[in-house]
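The values are calculated or read from the model by the stated rules, or taken from the named source; none is laboratory data. Source: prediction; values computed, not measured. FYI the Cβ positions are ideal-geometry reconstructions off the backbone, even for glycines, and counts take in every protein chain you see. Accessible surface is based on the protein model in full, side chains and every heavy atom, while ligands, DNA and RNA are left aside. Shrake-Rupley method; radii C 1.70, N 1.55, O 1.52, S 1.80 Å.
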Amino acid sequence: WFFFFFKQKTAYEMQRGLVGSEMCIRDRYQRRVHGDISQENYVMKVLFIALIFCAISVVIGNKGVDINELFKDVKCLKKEGQNLLIPRCYRSYGAPDPNCKKNLENGKSAGMETDIYMFPCVKCGNPKKQVEDTKKAAGGQSFNIFWLDVEVYQWPANKASNRKFIEECIQAIEDDGMKPGIYTSKVNWEAIVGADYTKFANIPLWYAHYDKDPSFKDFKSFGGWKKPAMKQFLGDTKLCKEGVDLNYYP
């Protein structure tokens, strides 16, 4: 089910997923004591249909995209039902992504939520500075989660040193007051840090499995994670005539 993926694009239980259910609760109809019974019946039918719609919306969940280039028509993404934009803000060869700030600005102007991801340069060392440079690339724009991309690309064979690098990255993210998350897959995680490494089971997991299914039905526990926060279910595709990866979150 899982496989290796080699690309620089991809890099709580998420509170985003609560929005739909809260809206359904707030939209409850307050019954009138006096009034036409047929009108009340009509209103109750409308309420029933609305609650079904809300329930379906919660089950279906939300969708978002991650990008590694300047996306020109972000408003088109919103029209296509995408609620979350995750631009790359650090490149694998050790440099900030100059398009990060503009992508974040465009996402916010389109009414989308925003995260960022960092594709680290392991051989470059100094993970703390890489985190700082990633934040600077955002140019003061706010975002929800700082995702650390952990996939098999230029990682050394030494699992102990790999663990140390990831730990320093996560610590730097947290020390700077940001919320960390990890992007990876079962195969990549176990190849890089080992199947027995569960230190970060308490932070959000964004996992990759290109089965074209926007759900968590395929998820198998690894790294101590029992439940993911987000899934990348389709990679290297086109949306609004530009390259994206598609993601699902509840």
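Of note:
- Only one entry in C54, C76 is surrounded by fewer than 19 Cβ atoms within 10 Å (Cβ to Cβ), touching a helix residue (DSSP H, G or I) at 6+ places or on another chain (Cβ under 7 Å) and either at pLDDT below 60 or outside any strand (DSSP E or B) (or both), namely C54.
- Close Cβ contacts (under 8 Å, 6 or more residues apart or on different chains) running from residues in segment 124-146 that are aromatic (F, W, Y) to residues that are modelled with pLDDT of 95 or more and open to solvent by 70 Å² or more (accessible area, probe 1.4 Å) comprise F146/K135; F146/K179.
- Positions within segment 75-103 being aromatic (F, W, Y) and within 20 Å of Q232 (Cα to Cα), in sequence order: Y90
- For segment 175-187, a residue qualifies if it is over 21 Å from A160 (Cβ atoms) and open to solvent by 20 Å² or more (accessible area, probe 1.4 Å), and the qualifying residues are D175, D176, G177, M178, K179.
- For the criterion of being farther than 23 Å from E69 by Cα and either touching a Cys at 6+ places or on another chain (Cβ under 9 Å) or surrounded by fewer than 20 Cβ atoms within 10 Å (Cβ to Cβ) (or both), G139 fails.
- The residues in segment 188-215 that are open to solvent by less than 50 Å² (accessible area, probe 1.4 Å) and part of a loop (DSSP other than H, G, I, E, B) can be counted, and the count is 11.
- Residues in segment 221-235 that are in a strand (DSSP E or B) and under 18 Å from T114 (Cα atoms): M230, K231, Q232.
- Residue check, Y153 open to solvent by 40 Å² or more (accessible area, probe 1.4 Å) and modelled with pLDDT under 95: yes
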